[in-house]
Amino acid sequence: QKEVEQDPGPLSVPEGAIVSLNCTYSNSAFQYFMWYRQYSRKGPELLMYTYSSGNKEDGRFTAQVDKSSKYISLFIRDSQPSDSATYLCAMSPGGSYIPTFGRGTSLIVHP
Amino acid sequence: SQTIHQWPATLVQPVGSPLSLECTVEGTSNPNLYWYRQAAGRGLQLLFYSVGIGQISSEVPQNLSASRPQDRQFILSSKKLLLSDSGFYLCAWRTEGAANEKLFFGSGTQLSVL
């Protein structure tokens, strides 16, 4: 079992839909959780950063962490074609030099 | 504010040729620096990381090497490229210290070895 599991997709949705992207993990020591957005042939861009359990909202994006279930989610409201990208989750126990990344989920938002 | 520069954006090299990719970070001191490779349709593979000048940790033994000659400069090299070295190379940095878990990436170099 990989430490971080993420469905590669692609996930195809119509414009305006609510998108749910998810990662599961096995290491209960993870405390810091990140979501990155990566456009084709570009570097990943940090979208959301959360510590421990709970929700964090930033505009159309909401990050949710459920440590009891070892499950994190990224919700995108009112999705736009410009949201089409690969979304990578990443997590760390803290005090580590190296975060663990999921393989990424490809999202396609069609007009 | 902090910025990361990575170049070149695209590189086409013949098999057996040398490689040098450079990454520099501005606006911060003593960052942790990373080199990742991302093959098409695959996840990020950590190649090297560095916590200070001259300090390099290798995650994947192969024909690549890394050096950190200055605090904010990280170089990825190879003496002889293989076909399997093709991929998207990413440099990243992180503020030194615990509880600073955010990793910031450069724009990447698409390397094609022919």
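How do the strands (runs of 3 or more DSSP E) wholly within region A:8-111 filter down when requiring 1 or more residues that are in contact with a Phe, Trp or Tyr (Cβ under 7 Å, 6 or more places away or on another chain) and β-branched (Val, Ile, Thr): which remain?
Working: elements: A:11-14, A:19-25, A:32-38, A:45-51, A:54-58, A:61-66, A:71-76, A:85-92, A:105-110.
Once the strands (runs of 3 or more DSSP E) in region A:8-111 are filtered for at least 1 residues that are in contact with a Phe, Trp or Tyr (Cβ under 7 Å, 6 or more places away or on another chain) and β-branched (Val, Ile, Thr), what remains is A:19-25, A:45-51, A:61-66, A:71-76, A:105-110.
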| said: Would you confirm whether or not region A:34-57 contains a residue that is at pLDDT below 95, polar (S, T, N, Q) and under 14 Å from the mean Cα position of the chain (by Cα)? | reply: yes
| request: Out of the residues in region A:41-58 that are in contact (Cβ under 8 Å) with a residue 12 or more places away in the chain and under 17 Å from A:ASP83 (Cβ atoms), state the one that is surrounded by the fewest Cβ atoms within 10 Å (Cβ to Cβ). | output: A:LEU46
| note | With criteria (1) closer than 16 Å to A:ARG41 by Cα; (2) in contact with a Leu (Cβ under 7 Å, 6 or more places away or on another chain); (3) among the basic types (Lys, Arg), B:ARG42 comes up short on (2)
| query | Looking at (1) within 14 Å of chain B (Cβ to nearest Cβ); (2) more than 13 Å from the chain's Cα centre (by Cα), can you tell me which one A:ALA63 breaks? | reply | (2)
| task | Determine if region A:68-79 includes at least one residue that is under 20 Å from A:PHE30 (Cβ atoms), exposed (fewer than 13 other Cβ atoms within 10 Å of the Cβ) and either within 15 Å of the chain's Cα centre (by Cα) or away from chain B (no Cβ under 14 Å) (or both). | result | yes
| query | Quick one: is B:LEU33 touching a residue at least 24 places away in the same chain (Cβ under 8 Å) and within 11 Å of the chain's Cα centre (by Cα)? | reply | yes
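Taking strands (runs of 3 or more DSSP E) that fall entirely within region B:7-98, which contain at least 1 residues that are farther than 28 Å from A:GLY94 by Cα and more than 12 Å from chain A (Cβ to nearest Cβ)? Outline the logic, then answer.
On the way: elements: B:10-13, B:19-26, B:32-38, B:44-52, B:55-58, B:64-70, B:73-78, B:87-94.
Of the strands (runs of 3 or more DSSP E) lying wholly inside region B:7-98, those with at least 1 residues that are farther than 28 Å from A:GLY94 by Cα and more than 12 Å from chain A (Cβ to nearest Cβ) span B:10-13, B:19-26, B:64-70, B:73-78.
The values are calculated or read from the model by the stated rules, or taken from the named source; none is laboratory data. Everything numeric in this text was worked out from a predicted model, so none of it was measured. Cβ coordinates were reconstructed from backbone atoms using ideal geometry, including for glycine residues, and neighbour counts include every protein chain displayed.
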